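Some notes on the structure that comes next.
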Amino acid sequence: MTASIAPIARDNLTTRVYEELRRAMMEGRFWPGHRFKIRDLATSLQVSETPVREALMQLVREKGLEMEAGRSITVAQLSLAQYLELRSIRLHLEGMAGAAATTRIEPREIDRLAAVHDRLIADEDNGRWFEAVRDNWEFHHSIYQAAQMPELLAIIEGIWLRNGPLVNYQYPHARPTYDGRHRHLDILDALRARDENGVRKGIQQDMIEGGRLLVKVLERLNDGAVTPEELRRAAQNGRLVSAAG
């Protein structure tokens, strides 16, 4: 996975390494349990090991990463209970950000979001799972940025730092499904209509309906019916591990 990380310029190395890794985690570029090797990561980023180590420790403090036995650093694996608790928080915070964005987002940005959604669907249909995870992040993050509430955005990003890697479990095992049409379309319609409640509801329903199968996967992980490694390996080999067992 380190090949997907871009080289870093020489100024402000620790901050720049931290920002690159943080964004990569929010976008879902690393699976839960991914183990970081400082030397390999430093080589990929074309920096020394010191700023990499410092950036990783900052992410440990933010609970995006875990340190085991004082040495091994891995991407945190959220439990089912943690995911559901964070989702309850996200329902309020992301709904708030979406509502705030409704009156501030530019029409051309709504058009761009529609194009991102179309790309998401195409990537899902063609089995481009990593790209689909990144598309979903871009869709939601762009809305929250449009809210122009930097403190709220920072809190949301802190949760996505922990939640982003988990979204990899959705593909191909728990692709989002909906009772009606895709909730992104409801969000887009509400943004165009400047309907704050509609945007809030669309975001919340997308989270609940779109994540139903993910919850079932997490239940199987919680019960020991499947392991994170089995899910990762199956996805990489194009095989499906049923959410229902």
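The values are calculated or read from the model by the stated rules, or taken from the named source; none is laboratory data. Everything quoted here is computed from the prediction, not taken from an experiment. Note that we place each Cβ from the backbone using ideal geometry, even for glycine, and neighbour counts take in every protein chain shown. What goes into the accessible areas is simple: the full protein's heavy atoms, side chains included, and nothing from ligands, DNA or RNA. Shrake-Rupley method; radii C 1.70, N 1.55, O 1.52, S 1.80 Å.
Against the condition touching a residue at least 12 places away in the same chain (Cβ under 8 Å) and either open to solvent by less than 20 Å² (accessible area, probe 1.4 Å) or among the polar types (S, T, N, Q) (or both), how does LEU120 come out, does it pass? So LEU120 passes the test. Of all positions in segment 136-156, at least one carries a residue that is touching a Gly at 6+ places or on another chain (Cβ under 7 Å) and closer than 28 Å to LYS63 by Cα. Among the residues of segment 94-113, those that are crowded, with 17+ Cβ neighbours inside 10 Å and either charged (D, E, K, R) or touching a helix residue (DSSP H, G or I) at 6+ places or on another chain (Cβ under 7 Å) (or both) comprise GLU94, GLY95, MET96, ALA97, GLY98, ALA99, ALA101, THR102, ILE105, ILE110, LEU113.
All of (1) modelled with pLDDT under 95; (2) at positive phi hold for VAL241 with one exception: (2). The one condition from (1) open to solvent by 10 Å² or more (accessible area, probe 1.4 Å); (2) assigned to a helix (DSSP H, G or I); (3) of a type in the set (Gly, Ala, Ser) that GLY202 does not meet is (1). Among the residues of segment 65-82, is any in contact with a His (Cβ under 7 Å, 6 or more places away or on another chain) and of a type outside the set (Lys, Arg)? The answer is yes, given that some residue of segment 65-82 is in contact with a His (Cβ under 7 Å, 6 or more places away or on another chain) and of a type outside the set (Lys, Arg).
Among the numbered conditions (1) farther than 23 Å from LEU153 by Cα; (2) open to solvent by 20 Å² or more (accessible area, probe 1.4 Å); (3) of a type in the set (Ser, Thr, Tyr), the only one that SER88 does not meet is (1). Looking across segment 170-197, the residues that are without any contact (Cβ under 8 Å) to a residue 60 or more places away in the chain and in a helix (DSSP H, G or I) come down to GLN170, ARG183, ASP186, ASP189, ALA193. None of LEU166, LEU161 is under 17 Å from GLU209 (Cα atoms), assigned to a helix (DSSP H, G or I) and within 15 Å of the chain's Cα centre (by Cα) except LEU166.
When segment 19-49 is filtered for residues that are in a helix (DSSP H, G or I) and within 21 Å of LEU78 (Cβ to Cβ), the ones remaining, listed by number, are LEU21, ARG22, ARG23, ALA24, MET25, MET26. Please tell me if ASN237 is of a type outside the set (A, V, I, L, M), more than 17 Å from ARG87 (Cβ to Cβ), free of Cβ contacts under 8 Å to residues at least 60 places away in the same chain and surrounded by fewer than 22 Cβ atoms within 10 Å (Cβ to Cβ). So ASN237 passes the test.
Here segment 46-81 is the region considered, the condition is being of a type in the set (D, E, K, R) and open to solvent by 70 Å² or more (accessible area, probe 1.4 Å), and the residue that is farthest from the chain's Cα centre (by Cα) is ARG71. One residue stands out in segment 169-199 among those that are of a type in the set (Phe, Trp, Tyr) and buried (at least 20 other Cβ atoms within 10 Å of the Cβ): the one that is nearest to the chain's Cα centre (by Cα), namely TYR169.
Under the condition of being among the aliphatic types (A, V, I, L, M) and outside any loop (DSSP other than H, G, I, E, B), which residue from segment 61-79 is nearest to GLY224 (Cα to Cα)?
Of all residues in segment 61-79, those among the aliphatic types (A, V, I, L, M) come to 65, 67, 69, 73, 75-76, 78.
Of the ones still in play, those that are also outside any loop (DSSP other than H, G, I, E, B) are 65, 67, 73, 75.
On the way: LEU65: 22, MET67: 23, ILE73: 23, VAL75: 19 Å.
Applying the filter and picking the extreme gives VAL75.
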